[in-house]
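Written below as structure tokens is the structure these notes are about.
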Amino acid sequence: MMDVLIYKKIFFSGLPIWILLAGGLIVLLVDAFIKNNREIVFYLGLISFAVSIAFVFKRWVTSDFVPVDFLTFDRLSYFFILLVMLTGFLSLLNSHGYLKSGINDDDEVILTTMPAAFVSLIIFCVVGQIFLFASDHLIVNFIGLECLSLGTYALVGSRRQDARSNEAAIKYYVTGSLASAVILYGIVLLYASYGTLRLDELAQIKSASSLGPVFPRVAMSLILVGFFFKVSLVPFHFWTPDVYEGAPTPVTGFMTSAVKIASFAFLIRLLNSIHFFGDQKLVSILAFLAGLTMVIGNLGALVQDNLKRMLAYSSIAHAGYILLGMVACYEGSVFNVSLAMPVLFYLLTYLFSVLGAFGVLSVMIWDKKEACQLSDLTGMGYTRPVLSFVFCVFLFSLLGFPPTAGFLGKYSLFSLAIQKGYLGLAILGMVTSVISAAYYIRPLVYLYFKGEPGRAPITLVTFPAMFALVFCFLMVLYLGLIPTTYLKMAFVALGILS
Amino acid sequence: MITVQHFLALSVILFGLGVLGLVIRKNLLIIFMCIELMLNASNLALVAMARHFGKMDGHVIAFFVMAIAASEAALGLAIVVTLFRSRKTIRTSDWRILRG
């Protein structure tokens, strides 16, 4: 009798996730029975995202959720569930043109991917992300991570005829599997040390492990290193530019936003629970990595001629800024989650800026391939004025220029860091932001000031893609001008306000 | 007398061999085997420790890990097949398109 009650509770408190999951399965079923189903599966995917986002939002407002057993449905989880569902929704909208694009030898637009597989993989990735951070059992987290990673490997390789896509997939697969195996071994060593994998039980542990003090530290380091791979922090970033360049553009957008958000959400939960690392060393290491990542990410982006590679390095730099915010949440050696508001807000602003920028790149095609060289943009400011303007706004937001969302995100991060005494790191962050202006402004020069337009790229601005661009554009401006609602949301997520 | 420490030591050695192989070997299939070795090292430690603690959860988790390893291998082989079709090689030193 007891069991039935628990299942009922799990069913109702996770309802938006089950709806999304059901949508993904229905998409696969439709693929089995209906031919030429591109539009059908695309809109089915959109509808399941829209319905579950509406559900999550309603529950968010009414606080209608309870943690059940190892599924931690609380305010923080629901905030991140909302974020990753939005990334999935927007990435799907971005990929509408891509699903029908692909150009054959006669310059005709043909279908190159299996749309049902693509749509359902995005949905399953999002579900995996949710389990990555909305659980306090490390094995459930790990299964969520694998669900996310396996889906992303397949998405990266989804343009099967393209050798670049294949190469990116295998590179991501090898590095990603290494990271997953390292994370798993760290989890296993934690189990070996304390005999439990529940984060809430691990948080209570005061005594040393029976196997000695080294084991839990090694375990924790392995888990952290694995996640640094996944969010591409600097000594572990070498795969990022190659994979981001080779992956289909909408998938790159999905990876830069969704994978990072989910991994950072999990890191917040992990660092918040596990204190027994218990010394200042971890904080110094994290601070060092944050500084290194900001410097190398921004310097690397300076020398790129390929827009996707440039945005890849820029996303490495952004991971550094986010880590800086997390370092600033430490009080002594204890992670204080209630200070994490700037990190949450930064992730929100970053989501819309980066998905907008990749949305613009997704609709441009150049000579049988994606237009992603800087020189492809020459003169496009005059032939495609609206698209170019919107692209510039997204780049300015990534740079952190005042009227856009990115400015407030960076401002709140740096002011937190200064308050907590990380003056040097904050100054380093600001200096690297100024350096980053050099490469964010280069596309703008090509768009407007590089002489006569050549042949303009073919643009496939379908209605859904346009909807995504307009939505991101409005959110970037809205968060930059009137952020109070969402700042309050971030506060509420941390339980500071109710 | 074989104690739990022996099992853990073996598991650490296997995991180290997996990492080493993944770093120095050039053949993709060998790299896959190294990844499997790392996951199975985790399984060994899990089962040994579960027996040591007298709990069931470690044994159950080992089955989850096996399922994950299987799906990872399936996806990896699929990627290798598509790569081989377009490139006719599975040596890692031949990946040259993407660099900068």
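The values are calculated or read from the model by the stated rules, or taken from the named source; none is laboratory data. All values reported here derive from a predicted model rather than from experimental measurement. All Cβ positions, glycine included, derive from the backbone under ideal geometry; neighbour counts span all protein chains shown. Just so you know, the surface numbers come from the protein's heavy atoms only, side chains and all, with ligands and any DNA or RNA stripped out. Shrake-Rupley method; radii C 1.70, N 1.55, O 1.52, S 1.80 Å.
The table below gives the values:
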{"read-out": "Accessible area buried at the A-B interface, both sides summed, 1.4 Å probe (Å², nearest 100)", "value": "3500 Å²"}
{"read-out": "Relative contact order computed over the stretch A:15-93 (Cα-Cα under 8 Å; 6+ residues apart), in percent", "value": "32 percent"}
{"read-out": "Inter-centroid distance (Cα atoms) of the stretch A:1-76 relative to the stretch A:383-404, Å", "value": "34 Å"}
{"read-out": "Relative contact order [Cα under 8 Å, 6+ residues apart], the stretch B:4-88, whole percent", "value": "27 percent"}
{"read-out": "Distance in nm between pseudo-label sites at A:T383 and A:V445 (7 Å out along the Cβ direction from Cα)", "value": "2.2 nm"}
{"read-out": "Helix A:260-273 vs. chain A, principal-axis angle (Cα, 0 to 90°, nearest 10)", "value": "10 degrees"}
{"read-out": "Rg in Å to one decimal, and Dmax rounded to a whole Å, for chain A via C-alpha atoms", "value": "21.9, 75"}
{"read-out": "A:V303-A:F238 FRET efficiency (beta carbon distance; Förster radius 22 Å; 0.05 resolution)", "value": "0.90"}
{"read-out": "Debye log10 I(q)/I(0) at q = 0.10, 0.11 Å⁻¹ for the stretch A:279-498, Cα point scatterers", "value": "-0.47, -0.56"}
{"read-out": "With all protein chains modelled, accessible area of A:D3 [1.4 Å, Å²]", "value": "100 Å²"}
{"read-out": "Rounded tilt (10° steps) of A:463-481 against the dominant C-alpha axis of chain A", "value": "60 degrees"}
{"read-out": "Most to least accessible of B:V47, A:V234 (protein chains only, probe 1.4 Å)", "value": "B:V47, A:V234"}
{"read-out": "Sequence-distant residues sharing a close amide H with A:Y330 (under 5 Å, placed H)", "value": "A:N336"}
{"read-out": "Residues B:K26 and B:F63, FRET efficiency given R0 of 41 Å [Cβ-Cβ distance, rounded to 0.05]", "value": "0.80"}
{"read-out": "Between the stretch B:1-64 and the stretch A:155-218, the alpha-carbon center distance in angstrom", "value": "13 Å"}
{"read-out": "Chain A - charge dipole about Cα centre, Lys and Arg +1 at Cβ, Asp and Glu -1, debye rounded to 20", "value": "540 debye"}
{"read-out": "0 to 90° range, to nearest 10: angle between helix B:28-53 axis and chain B longest Cα axis", "value": "10 degrees"}
{"read-out": "Accessible surface, 1.4 Å probe, highest first, among residues A:D31, A:D136", "value": "A:D31, A:D136"}
{"read-out": "Heavy atoms of A:H275: accessible area, 1.4 Å probe, square angstrom to 10", "value": "70 Å²"}
{"read-out": "Placed amide H near A:Q373: partners under 5 Å, 5+ positions off or other chain", "value": "A:L307"}
{"read-out": "Estimated vicinal HN-Hα couplings, Hz - the stretch A:73-78 in sequence order (Karplus 6.51, -1.76, 1.60; Gly, Pro = x)", "value": "7, 10, 4, 4, 4, 5"}
{"read-out": "Residue-normalised accessible area of the protein assembly as shown, given per residue in Å² at a 1.4 Å probe", "value": "38 Å²"}
{"read-out": "Mean residue ellipticity (222 nm) of chain A, computed from DSSP H runs ≥ 4 via -39,500 (n - 2.57), nearest 500", "value": "-24000 deg cm²/dmol"}
{"read-out": "Rounded accessible area of A:K100 (nearest 10 Å², 1.4 Å probe)", "value": "60 Å²"}
{"read-out": "Protein accessible area in chain B, 1.4 Å probe - carbon and sulfur %", "value": "70 percent"}
{"read-out": "Spatially proximal lysines relative to B:K88 (Cα-Cα < 19 Å; intrachain offsets below 8 disregarded)", "value": "A:K171, B:K26"}
{"read-out": "Sites A:L25 and B:A70 - FRET efficiency at Förster radius 25 Å, r taken between beta-carbons, to 0.05", "value": "0.75"}
{"read-out": "Unit charges at the beta carbon, dipole of the stretch B:4-88: most positive-side option, B:I79, B:L44, B:L8", "value": "B:I79"}
{"read-out": "Under-5 Å amide H pairs with A:S135, H placed in peptide plane, nonlocal only", "value": "A:T72"}
{"read-out": "Percent accessible area from carbon and sulfur atoms, chain A, protein chains only, probe 1.4 Å", "value": "70 percent"}
{"read-out": "Candidate residues A:V337, A:V126, B:V60: accessible-area rank, largest first, probe 1.4 Å", "value": "B:V60, A:V337, A:V126"}
{"read-out": "Once the Cα gyration tensor of the stretch B:4-88 is diagonalised, semi-axes √(5λ) in Å", "value": "30, 16, 4"}
{"read-out": "Candidates B:A45, B:A78, B:A62, ranked by Gaussian network fluctuation over chain B, Cα under 10 Å, top entry", "value": "B:A78"}
